[in-house]
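These notes are about the structure you will find just below.
The values are calculated or read from the model by the stated rules, or taken from the named source; none is laboratory data. From a predicted model like this one, the values you see are computed outputs, not experimental measurements. So basically every Cβ, Gly included, is an ideal-geometry build from the backbone, and we count neighbours across all protein chains shown.
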Protein chains: 2
Amino acid sequence: MAQHNAFYAQSGGVTAVINATACGVIEACRQAPDQIGKVYAGHNGIIGALTEDLIDVNQESDEAIAALRHTPGGAFGSCRYKLKDIETHRAQYERLIEVFKAHDIRYFFYNGGGDSADTCLKVSQLSEKMGYPLTAIHVPKTVDNDLPVTDNSPGFGSVAKYIATSTLEASLDIASMCATSTKVFVLEVMGRHAGWIAAAGGLAGEAEGEPPHMIIFPEVAFDRKKAMARVDESVKRYGYCVIVVSEGARYEDGTFLADAGNTDAFGHRQLGGVAPTLAGMVKQDLGYKYHWAVADYLQRSARHLASKTDVEQAYAVGREAVALALAGKNSMMPAIRRISETPYQWDIIATPLADVANREKFMPPSFITEDGFGITPDCRQYLLPLIQGEDFPPFENGLPKVARLSLTLAERKLPDFTL
Amino acid sequence: MAQHNAFYAQSGGVTAVINATACGVIEACRQAPDQIGKVYAGHNGIIGALTEDLIDVNQESDEAIAALRHTPGGAFGSCRYKLKDIETHRAQYERLIEVFKAHDIRYFFYNGGGDSADTCLKVSQLSEKMGYPLTAIHVPKTVDNDLPVTDNSPGFGSVAKYIATSTLEASLDIASMCATSTKVFVLEVMGRHAGWIAAAGGLAGEAEGEPPHMIIFPEVAFDRKKAMARVDESVKRYGYCVIVVSEGARYEDGTFLADAGNTDAFGHRQLGGVAPTLAGMVKQDLGYKYHWAVADYLQRSARHLASKTDVEQAYAVGREAVALALAGKNSMMPAIRRISETPYQWDIIATPLADVANREKFMPPSFITEDGFGITPDCRQYLLPLIQGEDFPPFENGLPKVARLSLTLAERKLPDFTL
């Protein structure tokens with residue numbers, strides 16, 4: 001087989017382990033020198049391919065690439081840039097293929113969520129039409145865990161472990177203070193459409209009375225009266241109430257809690273998230289002292305508390321993507337398959353991109369308790385394997401050691417292109 | 001020496017390592033059976049002594065006590081309850097001594113910050129006046145690092161490590177997204193009066209351009225125009241701006257940023273903290289896309305990322321408190337002394353409570369850069385030793401394992417007392 005080059009790009013919001021996937025892709029490419037020559041990475045994701053800002057990954061040492069495995073963020077830069085529909089914006093897709101052609105890139109690894117699976121599929125289809133022999137593989141990633149087919153999405157297990165741990169730790173804090181001080185603690189977590197991350201908070205406790213006492217999912221319409229009654233009951237019964245709330249929590253009519261028309265002194269929409277909004281309701285309806293936290297980027301970059309299972313899966317899908325490409329499988333995604341529950345066993349299967357693109361996976365109703373505020377044993381059984389094991393990064397001078405890449409750009413061969 | 005009992009209580013906001021101090025106190029007591037009989041702990045702090053809710057610590061196994069070393073929160077319950085002035089509320093102090101007398105308690109270990117040092121001193125003075133032989137030792141604790149005399153306060157090193165790590169990790173996240181998405185990230189940290197925790201965020205980067213690009217201290221009057229100019233400059237120069245802001249950030253006139261008169265739709269003071277307030281300014285003045293996080297309890301309960309140095313010091317002050325008491329030193333506090341910087345060496349010295357009570361330690365001006373937005377090399381040199389080393393807790397089923405205590409209450413011997 002002749003030697004050609006490979007291109008790897010990161011797409012959308014990053015995770016604590018997307019670089020572990022990059023590490024898997026690059027290491028597998030380096031181990032196939034007969035088929036794969038250079039590896040290029042898109043500077044700031046797919047935009048780098050359009051503007052021909054290709055990072056020459058061959059300039060990076062094996063040590064630097066190995067260190068990607070324990071470095072959060074997106075080492076080559078990611079982007080929120082969705083290629084528009086192919087009918088009216090064909091030029092962009094053609095440009096991609098021109099850049100690939102100019103750099104002899106025949107392997108395209110696109111690491112992202114649902115949107116990028118769709119882009120990957122379209123690029124693959126167009127290259128076929130244009131007679132350019134490209135093998136396009138989508139590599140799954142998203143903290144939201146909303147990709148279909150795959151048992152879970154790399155990135156989710158680590159945010160789940162972080163949120164479960166933080167809920168446990170913060171609960172011990174408030175439990176020790178509630179006699180005379182804070183009675184309600186609200187932790188806001190990511191997940192605008194699906195409540196997977198909020199559900200992970202539920203792993204912090206299992207027995208009657210153990211926090212969190214309430215989870216507020218985007219899947220369950222928020223009813224202020226019902227929710228506040230539950231807060232009150234929890235405070236009266238256990239002395240305090242811990243709430244994990246999804247940023248996507250919404251009313252029956254679809255309005256987000258965090259966007260309920262509250263305005264600040266300047267007339268702007270209230271900037272606070274759902275946690276302060278909910279805390280405000282607690283104050284107003286019940287008068288309890290509260291504290292709230294918004295984890296935001298901390299949760300999806302907390303590589304220091306990554307799930308070992310997640311790191312291994314993130315790395316494995318990267319390697320498997322290359323294996324699929326070298327086997328000539330085009331328009332595919334390596335997906336994680338759960339083989340058994342106890343003990344937890346998994347492998348990776350190849351899934352056609354057509355089955356993945358533009359489909360979202362929500363929490364099944366059977367994972368949410370009847371009252372809408374908790375997770376069921378089925379949900380716990382699904383989630384627990386994903387947070388198993390620790391994979392602490394090396395520390396240096398008190399802080400996690402991270403990869404330092406040179407990010408050298410390859411020489412351009414084409415005229416400029418305006419996005 | 002005859003055998004008498006000991007009483008230990010936790011006071012004020014808890015930390016990731018206050019239970020390590022409890023562990024030190026209790027283990028040292030158990031190793032002195034000739035002098036110390038039973039150890040009691042105040043249920044919910046000093047309130048437990050007033051209401052005679054004494055936890056019989058002898059009912060807890062050695063394993064449970066050892067597990068306190070890696071358990072966040074306050075295992076016996078803490079409280080925000082400051083004994084009032086002794087002149088008009090002498091009854092409370094006398095009640096304390098009655099309870100001590102009833103349970104043959106002659107050793108009083110009070111684990112807290114500045115307020116509790118003051119209470120400890122007063123109890124000691126009154127017991128002397130009343131002719132009751134009590135040895136009162138204050139054991140330092142506070143995430144705020146604002147206790148005088150001691151080089152640092154147990155609890156601070158761990159929150160510093162957590163904030164520095166979180167700043168580093170979140171910065172890698174935004175750095176990889178800033179080309180097309182978020183340009184400004186704001187992390188709000190604790191510290192209402194002193195900027196020690198915010199300063200710790202500065203450890204995440206050192207070289208030119210490394211985040212955080214700005215720290216906003218309570219010690220430096222906030223100037224919106226100057227601050228926004230700095231944000232803009234950072235975004236233009238580095239592509240993004242990471243800000244660590246203290247919850248105590250305030251204007252020249254002392255008004256907190258988070259309390260600047262903004263009201264929600266119901267006319268209530270804006271509930272958001274300083275992070276959303278600052279993010280709102282960024283949006284309004286500069287139009288940049290932002291994200292913000294409020295660490296709140298997560299930062300002071302993050303035992304999973306504790307500083308080994310901090311855990312060792314927290315445990316050591318606990319043990320030393322008992323050693324001081326057994327040596328007959330009354331009204332003292334074990335304080336940490338920095339012996340040398342490189343290598344970092346420390347020991348514990350006994351400090352009279354009169355030198356500690358009611359004094360706050362602020363950031364010295366020499367620790368803040370001239371522009372008011374950064375930490376100096378002196379500050380870095382002071383902070384770095386405190387975050388050294390990791391002391392990961394044991395994990396079980398994916399989550400940190402925590403101490404499970406029985407918290408059995410001792411039988412009451414006195415009539416009820418109303419607080």
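Observations on the model:
- When B:I336, B:I349, B:I387 are screened for being of a type outside the set (S, T, N, Q), in contact with a helix residue (DSSP H, G or I) (Cβ under 8 Å, 6 or more places away or on another chain) and more than 10 Å from chain A (Cβ to nearest Cβ), only B:I336 passes.
- Test: residue in region A:187-209 that is free of Cβ contacts under 8 Å to residues at least 24 places away in the same chain, surrounded by fewer than 24 Cβ atoms within 10 Å (Cβ to Cβ) and away from every other protein chain (no Cβ under 14 Å): yes
- Sole exception among (1) among the hydroxyl-bearing types (S, T, Y); (2) within 14 Å of chain B (Cβ to nearest Cβ); (3) closer than 24 Å to B:S171 by Cβ; (4) surrounded by fewer than 24 Cβ atoms within 10 Å (Cβ to Cβ) for A:T51, by number: (3)
- Output for region B:396-405, where each listed residue is within 11 Å of chain A (Cβ to nearest Cβ) and crowded, with 18+ Cβ neighbours inside 10 Å: B:G398, B:L399, B:P400, B:V402, B:A403
- Among the numbered conditions (1) crowded, with 18+ Cβ neighbours inside 10 Å; (2) more than 30 Å from A:G201 (Cβ to Cβ), the only one that B:A314 does not meet is (2).
- Between A:N58, A:N5, the distinction of being in contact with a Lys or Arg (Cβ under 6 Å, 6 or more places away or on another chain), without any contact (Cβ under 8 Å) to a residue 24 or more places away in the chain and more than 14 Å from chain B (Cβ to nearest Cβ) belongs to A:N58 only.
- Residue ID - farthest from the chain's Cα centre (by Cα), chosen from residues in region B:15-36 that are in a helix (DSSP H, G or I) and surrounded by fewer than 22 Cβ atoms within 10 Å (Cβ to Cβ): B:R30
- You will find that of B:A323, B:A350, the residue that is touching a residue at least 60 places away in the same chain (Cβ under 8 Å) and surrounded by 13 or more Cβ atoms within 10 Å (Cβ to Cβ) is B:A323 and no other.
The rows are residues; the columns are (1) assigned to a strand (DSSP E or B); (2) in the same structural domain as A:Y110 (by TED's automatic domain parsing).
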| position | (1), (2) |
| --- | --- |
| A:V322 | no, yes |
| A:T342 | no, yes |
| A:W346 | yes, yes |
| A:A354 | no, yes |
| A:D371 | no, no |
| A:L383 | no, no |
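- Residue among B:T369, B:T408, B:T376, B:T342 that alone is within 14 Å of chain A (Cβ to nearest Cβ) and at negative phi: B:T342
- Pick from region B:360-383, criterion surrounded by 14 or more Cβ atoms within 10 Å (Cβ to Cβ) and among the charged types (D, E, K, R), ranking: nearest to B:L83 (Cα to Cα): B:K361
- Residues within region A:159-195 that are among the small types (G, A, S), assigned to a loop (DSSP other than H, G, I, E, B) and modelled with pLDDT of 95 or more, tallied: 1
- Considering residues of region B:145-177 that are surrounded by fewer than 24 Cβ atoms within 10 Å (Cβ to Cβ) and not β-branched (V, I, T) only, the residue farthest from the chain's Cα centre (by Cα): B:A175
- Residues that are hydroxyl-bearing (S, T, Y), within 28 Å of A:A6 (Cα to Cα) and more than 9 Å from chain B (Cβ to nearest Cβ), drawn from region A:288-320: A:Y315
- The set of residues in region B:75-108 that are within 11 Å of chain A (Cβ to nearest Cβ), modelled with pLDDT of 95 or more and more than 19 Å from B:A28 (Cβ to Cβ) comprises B:G77, B:S78.
- Residues of region B:302-334 that are more than 29 Å from B:Q31 (Cβ to Cβ) and either at pLDDT below 95 or under 14 Å from the mean Cα position of the chain (by Cα) (or both): B:A302 alone.
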